[in-house]
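The structure appears right after this line, and notes come after that.
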Amino acid sequence: MTHRTNAIRPLLARPVLVACAAALVLATAGCTKSEDDDSGKGGAASASSGGGQQVATPAAGGKTCTVGAYGAKKLDLKSAKVGFSQSEKEANPFRIAETQSIKDEAAKRGLTLLTANAQSQFSKQISDVQDLLAKGANLLVIAPLNSDGWEPVLRAAAARKVPIVTIDRKINATACKDYVSFIASDFIEQGKRAADQMIKATGGKGQIAILLGAAGNNVTTERTKGFKDRIAEKAPELKVVFEQTGDFTREKGQQVTEQLIQSKPGINGLYAENDEMGLGAVGALKGAGKKAGQVKIVTVDGTRNAVQEIKDGWIQGVIESNPRFGPLAFQTLDEFTQGKPVAQDIIIQDKAYDTANAAQNIGMAY
Ligand code: GZL
């Protein structure tokens, strides 16, 4: 469960954009050029700006963290070396937009950024982070693939007093001890909003399928829980008769939907826990000779390809999962390295697309 916290700090309450916590570690690495470990290219991170307004929701009652509480020291952000560990291969627009947002903000602030991409392999993400530490990263920003299995990294980072900031998915560890900050969407809320769109599209009746996300992370668990709870609460005549993972990929989403169409021909709705699987489902339906809209599809992410399918009638609704963490993350670092208390969690705001606004708002999709 992603916790809503009060991001209001004594000195820095902000009405709209509230940045929360990240913490730096105080190693003594010098300032070097940005290196992109994964692509082998050197040179500065991209200077282009990512899209989307960074709006965060401070939540009541949240806890804060300080460099002192964490066991770190103040730091001039400009002299830091920031390591970013991306989890999945950048074939998925969500990951492309997420990485670009981090790179753009680092470039905008003239910071040194090291990046690595685990290509959707958890063991590689662990070794990627070890490499970033070995290269002297003062701060680690991690987009985790899985929620568990981070102990080796937590130990290695703690040994160097390198705090960890997680974005997007949560790791099962202790805030302001194992990591300082967690910045993400409210995934339960995403599931509820998807259910509302599914109820509207189906009239609250019929048989629906769920293409589950990859196993082992809070996003899949929470998007499923939010959706099912809402359906049970608002549309008891809408029955979930099929659920299977599509691993958050388009290929698997298409394969599973092809099986689904054979085994459950009476399906009138499909909830895909990310756009890539939803687009795979569209491919399967087209291949089976179905008509646009015959099966009502609702997905989560907010990619341009999915919003285009709303315009084309194949998808009825897309709930955004905002990947643009860069401005929030680095603004937080800036405040934190000055020694200010920051919140341990932040919820980033998500938009939503449907048949009424897709044509007008597709430019905001990523
Ligand atoms: C959500 C993120 C998910 C995206 C998928 O924040 O973890 O992982 O919804 C991606 O597209 O695979």
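What the table below lists for this structure:
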quantity: Placed amide H near K73: partners under 5 Å, 5+ positions off or other chain; calculated: L26
quantity: Convex hull volume of the stretch 109-235 per residue (C-alpha atoms, cubic angstrom); calculated: 131 Å³
quantity: Neighbour net charge for A232 - beta-carbon separation under 12 angstrom, K R +1, D E -1; calculated: +3
quantity: Rounded to whole Hz, the Karplus (6.51, -1.76, 1.60) HN-Hα couplings of the stretch 68-78, x for glycine and proline; calculated: x, 4, 7, x, 10, 10, 4, 8, 7, 3, 5
quantity: Those GluC sites (Glu not before Pro) in the stretch 164-252 that DSSP places in a loop and that have at most 12 other beta carbons within 10 Å; calculated: E237
quantity: Phi to ³J(HN,Hα) by Karplus 6.51 cos²θ - 1.76 cosθ + 1.60 over the stretch 248-258, Hz, x for Gly, Pro; calculated: 6, 10, 5, 4, 5, x, 5, 4, 5, 5, 4
quantity: Approximate spin-label separation R160-V240, in nm, with each point projected 7 Å along Cα-to-Cβ; calculated: 4.1 nm
quantity: Pairwise Cα inverse-distance average, inverted: Kirkwood Rh of the stretch 199-287 (Å); calculated: 12.9 Å
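No value in this document is a laboratory result; all are computed from the given coordinates. In this text the structure is predicted, and so the values were computed from the model without any measurement. All Cβ positions, even for glycine, are placed from backbone atoms using ideal geometry, and neighbour counts span all protein chains on display.
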